[in-house]
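Presented below is the structure to which this report refers.
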Amino acid sequence: MKFVVTIGASTETVEVSGEAGRYRLTIGTEVWEVDGRLTAQGIYSLLIGGVSYVADVWDEDGACVVDVGDERYVIRVEEQTRFIIRTKGGAAASLGAQTLVAPLPGRIVHVAVKPGDRVEKGDTLLVIEAMKMENEYKAGSSGTVAEVRVEAGQAVNGGDVLVVIR
């Protein structure tokens with residue numbers, strides 16, 4: 001499974017495979033074999049490259065805070081598909097117009113607008129199911145719906161134009 005991990009201003013894609021405490025993490029071109037075990041509530045024993053670490057882990061405002069020795073890391077972890085939808089999906093404003101494009105392949109579940117509808121910033125435009133998750137897309141700013149290029153039940157590809165607002 002792929003995740004997007006953010007530490008400070010740095011963001012990396014991390015692929016994780018394995019189970020039962022034995023994992024392979026691929027970060028860029030680096031591959032790490034990790035033996036990780038929960039030893040007590042929030043305390044993990046890690047064996048990475050033959051070196052043993054103890055990590056104290058807890059949630060703080062949606063971020064994962066990890067203490068290893070005298071170092072502290074504040075890490076945000078998000079499933080890669082969610083990250084793509086959150087950062088690349090949605091309506092983009094350009095010279096007063098907005099074009100909502102599909103961030104990745106999916107199926108239109110619901111279309112909430114039609115051409116001529118007036119929308120305000122934050123109004124729901126449509127819902128797409130992608131990777132077994134339903135994602136609601138909202139207007140990035142106020143305007144009038146000029147085009148709706150999809151209908152409920154339709155399959156879409158990443159980059160397909162869905163709705164145009166002027």
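Numerical summary
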| read-out | value |
| --- | --- |
| Accessible-area value, Thr26, 1.4 Å probe, nucleic acids and ligands omitted, Å² | 40 Å² |
| Solvent-accessible heavy-atom area per residue, rounded to whole Å², over region 16-166 at 1.4 Å | 61 Å² |
| Total formal charge among the other residues, if their Cβ is under 14 angstrom from that of Val119, Lys/Arg +1 and Asp/Glu -1 | 0 |
| Cα-only radius of gyration and Dmax that characterise region 1-82, units Å | 12.7, 34 |
| Cα pair distances exceeding 28 angstrom across the chain, given as percent | 41 percent |
| Carbon and sulfur %, accessible surface of region 1-154 computed with the full protein complex present, 1.4 Å | 52 percent |
| Heavy atoms of Lys2 accessible to a 1.4 Å probe, total area in Å² rounded to 10 | 90 Å² |
| Contour excess over end-to-end distance, with Cα ends at Glu19 and Met1 and 0.36 nm allotted per residue | 5.3 nm |
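The values are calculated or read from the model by the stated rules, or taken from the named source; none is laboratory data. Computed from a predicted structure; not experimentally measured. Please note: Cβ atoms are built from the backbone with ideal geometry, for glycine as well, and neighbour counts cover all protein chains shown. Keep in mind that these areas ignore ligands, DNA and RNA; they rest on the heavy atoms of the full protein, side chains included. Shrake-Rupley method; radii C 1.70, N 1.55, O 1.52, S 1.80 Å.
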